[in-house]
Every structure is written in C-alpha cells, then in structure tokens.
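The next block holds one structure in the form of structure tokens; read it before the comments.
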Amino acid sequence: MKSKSIFVKLLRLRREFGMFWGLIAGFIYMTLVFIGGIIGYMWLEGWSLLNSFYMVVITLSTVGFMEVLPLSDQGRLFTSILILGGVGGFAYLIGAFSQLLVEGRLQAILGRRRMQNTIGKLKGHIIVCGYGRIGQIVTKEVLDEGLDIVVIENNPELVSQMEAAGIACIEGDATNDEILSMAGLSNAGTLIAAMSDEAANVYVTLIARQSNINVNIVARGNNTTSISRLEFAGADRVVLPHTIGGVSMAQSVLRPTVTSFMDITMRSEIDLQMEELFVSDSSELVGLDLIESKIRPRFNLIIIAIRKGNGEMVFNPGPKEVIEAGDTLLTVGKISDLSAISEIL
C-alpha cells in the first residue's frame, strides 16, 4: 500500500513538471549515485570523506586518473558498477536535455502553426495591433464578449503571455503587410490600431484601408491633431485615450451620479447593459413605430436613441418614430432581455 502511494506521488510530480520531469529525474539519479559512491568507498575501503569524494569525481568524470589508494576486489567491483551507473546516468541526462530542447521547439512551432490555421479560418474577426496598456484592455473587453480576436505584437514577452493565456496572436511588426495578411486582414470585420506610436497607427490604417476597403478601422490618437491625419489615412473612428481619461475624471466630479451609473453599466456589476442593436431587412420591427413594436412591454428595454441608416442620430425618439431597415437601436436593459430581442432583429 505504501509503495502504491509513492508511485501515485511520482505520477503527480511527473504531471506537474511536464517535459522537465526527465531532466529533474536525471539530476536526482546522479545525485543519489554520487552520494552512494562516497558512502560505498567509505564503507568498503575505509577511506576518508575527502578521498571517497575525489574517487567518485574522477570515476564518474572518466578522466582516467589512477585510484586514490589501492582497491580491494570488492572496491573494484563497486567501482565497475559505479562507472556503469554513472555513465548511464550522464547519457540519460544528455538525452533528457536534448529532448527538452527538441520538444520545446517543436511544441512552439506546432502551436504557432495550429494557431495560424485557426486564424486562417476566421471571418469577421477583430484585429488588435499592439498589446500595450490600451491593447490589453481592448483585448480583454472583446474576449469577454465572446468575439474572435487576433492580436499583433512585436514584444516576445507579451507574445508569450498571450500564448500562455490562449489568445490568438502573431509576433511581428503590424506595419508589415505580410504580418497583417497573416492576421486575416482580408476577412476581418474590424481593425484596432492601438499602438503608442501614432505614426505606426497611421501607417497601419493606410495599409488596412488599401487591403480591405470594407474593414471598420478604429485608431488610437495622441491628441486632437491626430484625428484629421488618421481619418485621412482611412480610419472610421479615432479614439484619444488621454482625452477620454481626462473628461471621465472631470465628469466624475461634475456629474458623479451619471458617471457612477455609466461605470456600473460598463463594468457589468449589475444585470444592466447598454447595447446597440442593428435592424435587418427581415426584422419584424421594420415599418413599425415604437408603440406598435411594443419593445418596452415585450422586452422591458428602453430605447434612448436611434441611428438611422443615413447616419442621422435621433435622441430620445418619440412614440411615433418609425423603425426602418438599417437602423441601429441604442438600448438599455437586462442582458437576458437584450438576447431575447436579438432573435427578432
């Protein structure tokens, strides 16, 4: 029963250390052989600790020096066993180390190849260029929504973090046409240029717009002068993180209740969410006004605005406002109710 318990513990250790187990086991074995050799010489030959230690070192290292002191027949037999066990242990260690290198590289290569195959099958996904402070927040929010995402980052450490977290990513420079192509730009629905270098965001925006005229491009700018440059390059929307942060801080002082409500809604601390719902041509709501649609009594949702197909924004729409195909409804309600109305859109 005790031997079975030891065996189970060994299996657990092997699973815990994974590919490093062979290397660790080899070191443990060689340590035991070394200690056993010292004890053996001290017991069989009556040598001192120093002489026994030196004899084990020259024996296991196979340097070919003469014995420290004349050996008895038992000592020679023990030395032969020590040589066989030591050489075998060294061979095992070299093999384990080589296997670790080969398996590590193979796993990295195969893992990236599988990831590239997965990326190649994506349609309408989101590409995030840059996994810095802004890019990490963007990636987390997109993943929390359950959407497909591919991140491009040229920092190997950040790429390793994403690979460990299971995030689809590509290591490379986002301003490179080939890297953007590998991220599936031709099939992407949205590209987010979130790099700290504004010039790089401009260049990525230019490439993306030329490669995919239909992709929605959101670019990060550093100041208000960035807006015109990025929009001229092809960005659909320019976001200024520093400006947004400053405005948010000011609003938290000027209008704390409104800001707290928005924060709670965005952080999903309660079962309440703001969402935009696109009305398709086949939706049963097309041609109905807000009263006839019965959105409030059926789904318990509040329509705070309607963006018409031509881009016009109707805030606080009246009860007779007609819903048309191509409209986008800006709503507030529970997540479950938002999911229910999505079925008829």
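The values are calculated or read from the model by the stated rules, or taken from the named source; none is laboratory data. It should be emphasised that the depicted structure is a prediction, and the values quoted were computed from it without experimental measurement. Here the Cβ positions follow ideal geometry from the backbone for every residue, glycine too, while neighbour counts run over all protein chains shown.
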Pairs with Cβ under 8 Å, 6+ apart, first in the stretch 288-306 and in the same structural domain as residue 275 (by TED's automatic domain parsing) and under 17 Å from residue 278 (Cα atoms), second polar (S, T, N, Q) and assigned to a loop (DSSP other than H, G, I, E, B): 304/316; 305/316
Return a yes/no flag: does the stretch 19-41 have any residue that is of a type in the set (Phe, Trp, Tyr), modelled with pLDDT of 75 or more and more than 50 Å from the chain's Cα centre (by Cα). yes
Can you confirm whether the stretch 190-200 contains a residue that is β-branched (Val, Ile, Thr), touching a residue at least 12 places away in the same chain (Cβ under 8 Å), part of a strand (DSSP E or B) and closer than 26 Å to residue 226 by Cβ? yes
What about residue 295, is it among the hydrophobic types (A, V, I, L, M, F, W, C), surrounded by 17 or more Cβ atoms within 10 Å (Cβ to Cβ) and modelled with pLDDT of 85 or more? yes
Hey, among 145, 141, which residue is modelled with pLDDT under 85 and either in the same structural domain as residue 185 (by TED's automatic domain parsing) or within 24 Å of residue 197 (Cβ to Cβ) (or both)? 145
If the requirement is being under 24 Å from residue 113 (Cβ atoms), surrounded by fewer than 16 Cβ atoms within 10 Å (Cβ to Cβ) and of a type in the set (Lys, Arg), which of these qualifies: 123, 140? 123
Filter the stretch 148-165 for residues that are outside any loop (DSSP other than H, G, I, E, B) and of a type in the set (D, E, K, R); which is modelled with the lowest pLDDT? 163
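Condition check ((1) touching a helix residue (DSSP H, G or I) at 6+ places or on another chain (Cβ under 9 Å); (2) over 25 Å from residue 145 (Cβ atoms); (3) surrounded by 15 or more Cβ atoms within 10 Å (Cβ to Cβ)) across all residues:
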residue	(1), (2), (3)
289	no, yes, no
300	yes, no, no
320	yes, yes, no
324	no, yes, yes
330	no, no, yes
